[in-house]
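Chemist: One structure coming up, written as structure tokens, with questions to follow.
The values are calculated or read from the model by the stated rules, or taken from the named source; none is laboratory data. Every value quoted in this text rests on a predicted model; they were computed, and no experiment measured them. Glycine gets a Cβ as well: all are built from the backbone with ideal geometry, and neighbour counts include every protein chain shown.
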Amino acid sequence: MFQTEIIHFIQSFSNPALTIFMKIITSLGYEEFLIGFVLVIMFGVDFRKGFYLFHLVLLTGILTEFFKQYFAFPRPYAVDSTVKIFSGNSQNLAPFKNMGAKVFFELLPREVIDYYRSIKGASFGLPSGHTSIAIVLWGSVIVLFKNKTLRIIALSLIFLIPFSRIYLGLHFLAGVLGGYFLGGIILLFFYIFFIRFQWIDSFSFYKVSIRQILMIMYLLLLPILFRIFIPNIYPQLQGALLGLNLAFILISKGGTPILKKEILKRAGNIFLIIILLGLSALFVLLIFSLLPDNFHGSLMNFSKYFLIIFLSFWSASRFGLKLKLTSK
């Protein structure tokens, strides 16, 4: 699974058109697309379903990075200078050649692993974040939406995005399989608690039950536990997760927003959240620029993203109602 021969075989079919296609496919796993996609769903299609997707993407990103740092395994281009790097215009300058595993179930040589771990800021590859997020995001889309065409596209991306990572020389087969495993566990968790038992669907501020208390504890305590125990693992995502969850709880107090049927009003609601995200970011950055220089690091990143997401999402729900873009 850590053999570079698999990558060499796939890359032997490379051509300019296929490489461009694979770059487009892999771009669907980067944060720019993910943020845009979940915002469109949340504020232009269905608020509650969009919350599911955003929550799961943030959760998956944090857990994937945790396991990447825990395993600390190099990417294929770092162990074999003959592996082509199609992502970007960088040339493979790895100090090793043909140092992948020799057999399918063998790990990488210890000297390669130790060398790569010694590099400050090295990008690790097990599990594949693109793969884990692909199965969670697009698997959730298949569960949540009944549109046949959308489901076919989602199913295709579950396979195409991970394949693009191998083609581009960014992941071993092991990294992709690890991403499938982690993403599958998170997707199963989502299906059991969010869909089958409908913990979020039955959420209400005016119903006091053990289920409601547990759900509030999950939404608020999970990001805080991340902050306490793994503070340096994507603190910005941890802060965004807490901001998103808190905003959802407060918005749900009066009932989650129902989007109007008119396309223009839905488009207006999407435009509204984009504007409010920008204004919230400017406000928060201005406030933090006034703080002492010693207030920095992961806590600052956590706080920034918490405030930006919370302020923009909560205010979007309020302005959406006042502008009659949504209803309760």
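Chemist: Assigned to a helix (DSSP H, G or I), among the β-branched types (Val, Ile, Thr), out of contact with any Lys or Arg (no Cβ under 9 Å at 6 or more places or on another chain) and surrounded by fewer than 17 Cβ atoms within 10 Å (Cβ to Cβ): which single residue out of ILE133, ILE161, ILE166, ILE153 fits that description?
Modeler: ILE153
Chemist: Under the condition of being within 25 Å of PHE181 (Cβ to Cβ) and of a type in the set (Ser, Thr, Tyr), which residue from segment 85-128 is surrounded by the most Cβ atoms within 10 Å (Cβ to Cβ)?
Modeler: Among them, the one singled out is SER128.
Chemist: In segment 39-69, how many are of a type in the set (Val, Ile, Thr), in contact with a Leu (Cβ under 9 Å, 6 or more places away or on another chain) and surrounded by fewer than 19 Cβ atoms within 10 Å (Cβ to Cβ)?
Modeler: Going through segment 39-69 one residue at a time, the tally reaches 1.
Chemist: Continuing with this model, one more query. If GLY36 passes every condition in (1) farther than 30 Å from SER81 by Cα; (2) at pLDDT 95 or above; (3) surrounded by 15 or more Cβ atoms within 10 Å (Cβ to Cβ) but one, which one does it miss?
Modeler: Every condition holds for GLY36 apart from (3).
Chemist: Continuing with this model, one more query. What is the one condition in (1) within 13 Å of MET42 (Cα to Cα); (2) in a helix (DSSP H, G or I) that THR256 does not satisfy?
Modeler: (2)
Chemist: Another question about this same structure. Read through the list (1) at pLDDT 95 or above; (2) among the aromatic types (Phe, Trp, Tyr); (3) over 26 Å from THR64 (Cβ atoms), then give the number of the only condition that PHE295 fails.
Modeler: Of the numbered conditions (1) at pLDDT 95 or above; (2) among the aromatic types (Phe, Trp, Tyr); (3) over 26 Å from THR64 (Cβ atoms), the odd one out for PHE295 is (1).
Chemist: Which pairs do you get when a residue that is in the same structural domain as ILE161 (by TED's automatic domain parsing) and surrounded by 15 or more Cβ atoms within 10 Å (Cβ to Cβ), found in segment 13-26, comes within reach of a residue that is at pLDDT 95 or above and of a type in the set (D, E, K, R), reach meaning Cβ atoms under 7 angstrom, with the pair 6+ apart or on two chains?
Modeler: That search, which allows pairs on different chains as well, returns THR26/ARG165.
Chemist: Further question on the same structure: Quick one: count up the residues across segment 112-128 that are without any contact (Cβ under 8 Å) to a residue 12 or more places away in the chain and assigned to a helix (DSSP H, G or I).
Modeler: Of the residues in that region, 1 qualify.
Yes/no per residue for (1) at pLDDT 90 or above; (2) farther than 22 Å from PHE194 by Cα; (3) in the same structural domain as MET1 (by TED's automatic domain parsing):
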position: LEU93; (1), (2), (3): no, yes, yes
position: ASN98; (1), (2), (3): no, yes, yes
position: GLU106; (1), (2), (3): yes, yes, yes
position: ARG110; (1), (2), (3): yes, yes, yes
position: ILE133; (1), (2), (3): yes, no, yes
position: TRP138; (1), (2), (3): yes, no, yes
position: ILE142; (1), (2), (3): yes, no, yes
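Chemist: Examine segment 129-144 for a residue that is farther than 23 Å from MET42 by Cα and touching a residue at least 40 places away in the same chain (Cβ under 8 Å), and state whether such a residue exists.
Modeler: No, the conditions are met nowhere in segment 129-144.
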